[in-house]
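Novice: Dropping a structure here in structure tokens format, bear with me for questions.
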Amino acid sequence: MKYALIGCGRISPNHVVAAKNNGLDIVALCDIEKTNAEDKIIKFELNRKDVKIYEDYQKMLDAEHPDLVAIATESGKHAAIAIDCITAGCHVIIEKPIALSIADADAIIKAGKKKGVLVCVNHQNRFNKSIQEIRKAVEKNRFGKLLYGTAHIRWARNHEYYDRAAWRGTWEQDGGALMNQCIHDIDLLRWMMGDEIDTVYGMTDRLIHPYIEAEDLGLAVVKFKNGSYGTIEGTTNVYPKNLEETLYIFGEKGTVKAGGEAVNIIEEWKFADYFGDEEEVKKECAENPPNVYGFGHTKLYKNVIAAIEGKEELLVDGEAGKRALELVLAIYKSAAEGKAVKLPLENCSTMDFAGRFFKE
């Protein structure tokens, strides 16, 4: 299966490794800064004769005709590039978020269906051993009645991080902490608690990052249609470095906590049915990734390939990516308007909030 990567920045090594681990035929790397792609060729010992470098992804699509393309550019460019790739007949893996507006997410999903190609959104933490085990418990109804869940993302991003890429923290190309750093855990919370949301009430602020446009703190309460609740706390203000990313699920008959730096270990595992030894589950699900991106990319790629071949269902499709995006946008909208927001959300974009914090 011919594979190409568009965008060779911070997250690109995980995509290259995932492609190699799954035996994909890497035919091209594309980046507007040619040296970014060249660096990946060297770092991952790719064959320079077999892997072409492009600065223009349209030329790459025309010349290479890849079967699968991963898009890892700045978030604001995801939609346009994805639709071009889909139009060219490529299956796509889109780094989170799927887009920065509901309209763009819908356009991507519609294009994929029309062309008959798969659209996957890169929420790789769904493939963590800890998360997979929690999901099994949800599907087996081990929690009984779901009561509430919480997502905490307590991370740090300094001035140097934002200086390395001018698009970071902008409404047009990124959004803030919730959209960039926290959306993985937000996706997991929504997925575990029943997906369907009734109401969102949020507050956001920019406390110590005056050089960015968007928020560095987001807080929210979510009411799900099944009667359960969710709370979200996301920030990039933690001193002096990333502290934790946690997911709690509380049910009538079960309590679970996934923790670590990126929900990669199980810290609490209590169920009324006592099925499965708690310490054994903790041991089996523990992972120690080198960074917050974890090991999920390789497993996500494996699922995408199997789905293309008709062997598995796609775990994180475009609709799933849209749901995560919708929840973040709903928090933004609620915070800006100072009132609860009902879902489904329509016609909302990060650009609706441009200039918000500069006006306060």
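Novice: When N is the residue count of the stretch 221-333, what does its C-alpha Rg come to as a fraction of 2.2 N^0.38 Å?
Specialist: The reported ratio for this selection is 1.27.
Novice: Next question, about the same structure. Using only helices, what value at 222 nm comes out for the chain when you add -39,500 (n - 2.57) per DSSP H run of length 4 or more and divide by the total residues, to the nearest 500 deg cm²/dmol?
Specialist: Value at 222 nm, helices only, nearest 500: -10000 deg cm²/dmol.
Novice: Give the percent of DSSP beta bridges with both residues in the chain that are antiparallel, rounded to the nearest 5.
Specialist: 60 percent
Novice: Here's something else I'd like to know. Which pairs, out of Lys20/Lys299; Lys257/Lys333; Lys136/Lys257; Lys96/Lys342; Lys20/Lys52, put more than 19 Å between their alpha-carbon atoms?
Specialist: Violating the 19 Å Cα-Cα cut-off are Lys257/Lys333; Lys96/Lys342.
Novice: Sorted by packing (mean other beta-carbon atoms within 10 Å per residue), highest first, where do 86-99, 155-168 land?
Specialist: 86-99, 155-168
Novice: For the chain, calculate the relative contact order in percent as a whole number, restricting contacts to Cα pairs under 8 Å that are 6 or more residues apart.
Specialist: 19 percent
Novice: Using a 4.7 Å Cβ cut-off, which Cys residues in the chain lack a partner cysteine?
Specialist: Cys8, Cys30, Cys120, Cys182, Cys285, Cys348
Novice: Now for a different question. Mean shadow of the stretch 2-124, computed from the convex hull of its alpha carbons, in nm²?
Specialist: 6.7 nm²
Novice: Rg(Cα) of the chain divided by 2.2 N^0.38 Å?
Specialist: Taking N as the residue count of the chain, the ratio is 0.97.
Novice: Contact order normalised by length for the stretch 2-124, with contacts defined as Cα pairs under 8 Å and 6 or more residues apart; what percent is it?
Specialist: 23 percent
Bear in mind that the values in this text are calculations on the coordinates, not laboratory data. Worth saying up front: this structure is predicted, and the values here are computed from it rather than measured. We place every Cβ from the backbone using ideal geometry, glycine too, and count neighbours over all the protein chains shown.
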